[in-house]
Amino acid sequence: MSTTTLDLAIVGAGAAGLHTARRAMDRDMRIQVFDAHARIGDSWRERYRSLRLFTPRRWAQLPGLRLDIGVFDYPTATQLADYLERYAATFEIPVRTATRVQRLHVDAEGLFHLALDTGEDVVAQRVVVAVGVHHRAVVPTFAADVDPSIRQLHSLDYHGPEDFAPGSVLVVGAANSGTDIALEAAAAGHATVIAGRHPGQVPGNIDTPIGNLISDIFIRKLRNATSDTEKGRRLWEERRGHGVNLVRNHLSDLRKAGIRQVGRVAGVEDGRPVLEDGERLNPATIVWCTGSRPVLDWIDIPGFADEQGVRHERGMSTVVPWLAFMGLPFQYSIASPTLMGMGRDAEYVVEHLLQPAPVAQAA
Ligand SMILES: Cc1cc2nc3c(=O)[nH]c(=O)nc-3n(C[C@H](O)[C@H](O)[C@H](O)COP(=O)(O)OP(=O)(O)OC[C@H]3O[C@@H](n4cnc5c(N)ncnc54)[C@H](O)[C@@H]3O)c2cc1C
C-alpha cells in the first residue's frame with residue numbers, strides 16, 4: 001500500500017485533465033493524473049471512426065503545442081487522441097494510464113483518499129475530477145421492450161457501418177452524432193430513417209476557410225454565455241430544451257442522401273418503435289443517439305451532488321473544500337464541457353485550489 005501524499009490528484013487525462021495538470025505544474029504543485037484507459041486519448045479513439053470534430057484547430061489545441069493539421073482543418077478523433085498523448089509527453093505531465101480510481105472519499109482531517117484498482121490508496125490534499133460527461137449511454141426506458149430480433153446500439157458504441165444489421169436503420173436523435181450516423185448508414189446502402197426534432201443549424205459551411213473563420217462568432221457566443229450573466233443563463237435554459245445545434249451537417253444533406261426525417265419515437269408496441277403520429281416502424285437496427293452522462297458513482301462523498309447534478313460554483317465544490325470538477329455542463333459557460341471552454345475553466349479551478357480551503361457548506 002502506497003503512502004504518497006500529493007498536492008493535487010487529477011482523475012481523468014482527457015483534454016480537461018491535461019489542461020488542469022499543466023496549469024497546476026506551472027504553479028509548482030506536486031500532481032499525479034490517473035486515467036482508466038490504456039492510452040491517453042482513448043476516449044476519442046473509441047468514438048466512431050469517421051468522427052471529425054467541429055472545433056477548428058485554433059480552439060482544439062491546448063496551450064503551447066501545435067495540433068499538426070492545416071490551419072483551416074478540423075481534427076479527426078484519432079488526430080486529437082494522438083495530439084493529447086503527445087501533449088502529455090511534451091510537457092512531462094505525470095499520467096498513470098490503465099489506472100482507475102474506484103473510490104474517492106475524504107477523511108476527518110479533510111485529506112482525500114483515492115482507492116485505485118491496483119489496490120493502492122493515494123492520499124491527496126486536493127482533487128480535480130475531470131472524467132468527461134459522455135461515458136454512460138442514456139436511452140429511453142421503452143428501449144427494453146424492443147424485439148430482440150432488432151439490433152440496438154447507442155452512438156457511444158457505434159464504430160462504423162459494420163455495426164448495422166442487414167436491412168433498414170432507424171437513428172433516434174437528430175443532433176450531430178445522429179445525423180453523422182444516419183448519413184453513414186445511407187451511404188452504406190441502408191434505407192435510413194432519422195427520428196427527432198431538428199435542433200437548429202449553424203448557418204453556412206464550416207468546412208470552407210470562410211466558414212471556418214465565421215464559426216468563431218458562434219464559438220465566442222458559447223464562451224460568452226456564462227453562468228454569471230442573465231443572458232448566459234437564459235441561453236443555457238433554451239439550449240437545454242432544444243439540444244445542440246447541427247454544426248457540420250445540414251437538413252439538406254439528409255434529404256440529398258434519401259434519409260427520411262420523422263418526428264420523435266414515442267414508445268414501443270409489439271416490439272416495434274412507434275412514432276408520435278402512431279406510425280409503426282420495422283427497422284433491422286436502431287441506433288440511439290439520445291445522449292450520455294458522466295459516471296460519478298465512485299465518488300463516496302455525501303452530498304457532493306444532488307438531483308440537479310454536482311453542487312459547485314464554477315467547478316469548485318460548494319460541499320467539500322479543495323474538491324473541484326472540470327468539464328461539467330455549464331460549469332461556467334456553455335462551452336465548458338468542450339475544447340473551446342475548458343482552458344479558461346482550468347485556470348480558474350487551479351487558482352482557486354491554491355487559495356486557503358474555504359469553509360464547506362453543510363452537505
Ligand atoms: C461524438 C462526440 C463528438 C464530440 N465532438 C466534439 C467537438 O467537435 N468539439 C468539442 O470541443 N467537443 C466535442 N465533444 C465533447 C468532448 O467529449 C469534449 O470536448 C472532450 O472530450 C471532453 O474532454 P474531457 O477531458 O472532459 O473528457 P474525456 O475526453 O472523456 O476524458 C475523461 C477521461 O477520464 C477517464 N476516467 C473516467 N473515469 C475515471 C476513473 N474513475 N478513474 C480514472 N480515470 C477515469 C477516462 O478514461 C477518460 O480518459 C464530442 C463528444 C462526443 C461524444
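The values are calculated or read from the model by the stated rules, or taken from the named source; none is laboratory data. Treat the numbers as computed from the prediction; the structure is a model and nothing was measured. For neighbour counting, all protein chains shown are included, and Cβ atoms are generated from backbone atoms with ideal geometry for every residue, glycine included.
A few remarks follow.
- Filter result for D306 (within 14 Å of the ligand (Cβ to nearest atom), charged (D, E, K, R), farther than 29 Å from N205 by Cβ and not assigned by TED's automatic domain parsing to the domain that holds Y158): no
- Qualifying residue in the stretch 68-76 (condition: within 12 Å of the ligand (Cβ to nearest atom), over 21 Å from the mean Cα position of the chain (by Cα) and not in a loop (DSSP other than H, G, I, E, B)): no
- Single residue of I334, I259, I301 found to be farther than 30 Å from F54 by Cα, more than 11 Å from the ligand (Cβ to nearest atom) and in contact with a Ser or Thr (Cβ under 9 Å, 6 or more places away or on another chain): I301
- The strands (runs of 3 or more DSSP E) found entirely in the stretch 101-174 that carry 1 or more residues being modelled with pLDDT of 95 or more and not assigned by TED's automatic domain parsing to the domain that holds G14 are 151-154, 169-172.
- Criterion applied to R233, R223 was being buried (at least 16 other Cβ atoms within 10 Å of the Cβ) and assigned to a helix (DSSP H, G or I), and the one residue passing it is R223.
- Positions within the stretch 103-120 being surrounded by fewer than 17 Cβ atoms within 10 Å (Cβ to Cβ), within 17 Å of F304 (Cβ to Cβ) and touching a residue at least 24 places away in the same chain (Cβ under 8 Å), in sequence order: R103, H105, G110, L111
- Selection count, the stretch 131-171, where residues are more than 13 Å from the ligand (Cβ to nearest atom), loosely packed, with under 14 Cβ neighbours inside 10 Å, closer than 30 Å to G327 by Cα and not hydroxyl-bearing (S, T, Y): 1
- Residues in the stretch 194-211 that are in contact with a helix residue (DSSP H, G or I) (Cβ under 8 Å, 6 or more places away or on another chain) and either within 14 Å of the ligand (Cβ to nearest atom) or of a type outside the set (K, R) (or both): I194, G196, H198, P199, G200, Q201, V202, G204, N205, I206.
- With respect to (1) surrounded by fewer than 19 Cβ atoms within 10 Å (Cβ to Cβ); (2) without any contact (Cβ under 8 Å) to a residue 60 or more places away in the chain, the lone exception for S336 is condition (1).
- The criterion of being closer than 20 Å to D345 by Cα and not assigned by TED's automatic domain parsing to the domain that holds A16 does not hold for L281.
- None of A77, A98 is within 30 Å of Q201 (Cβ to Cβ) and of a type outside the set (S, T, Y) except A77.
- Test: residue in the stretch 180-192 that is assigned to a loop (DSSP other than H, G, I, E, B) and outside the structural domain of V262 (by TED's automatic domain parsing): no
- Positions within the stretch 47-62 being among the charged types (D, E, K, R), under 17 Å from the mean Cα position of the chain (by Cα) and either more than 9 Å from the ligand (Cβ to nearest atom) or buried (at least 18 other Cβ atoms within 10 Å of the Cβ) (or both), in sequence order: R47, R49
- Selection of the stretch 175-193 for residues being within 16 Å of the ligand (Cβ to nearest atom), modelled with pLDDT of 95 or more and either out of contact with any helix residue (DSSP H, G or I) (no Cβ under 8 Å at 6 or more places or on another chain) or among the basic types (K, R) (or both) yields only D180.
- In the stretch 297-308, the residues that are modelled with pLDDT of 95 or more and surrounded by fewer than 19 Cβ atoms within 10 Å (Cβ to Cβ): D297, W298, D300, I301, P302, G303, A305, D306
- Some residue of the stretch 19-39 being at positive phi, more than 9 Å from the ligand (Cβ to nearest atom) and in a loop (DSSP other than H, G, I, E, B): yes
- Selection count, the stretch 1-18, where residues are over 26 Å from R293 (Cα atoms) and not in a loop (DSSP other than H, G, I, E, B): 3
- Looking at S252, S215, just one residue is of a type in the set (S, T, Y), assigned to a helix (DSSP H, G or I), modelled with pLDDT under 95 and outside the structural domain of F142 (by TED's automatic domain parsing), and that residue is S215.
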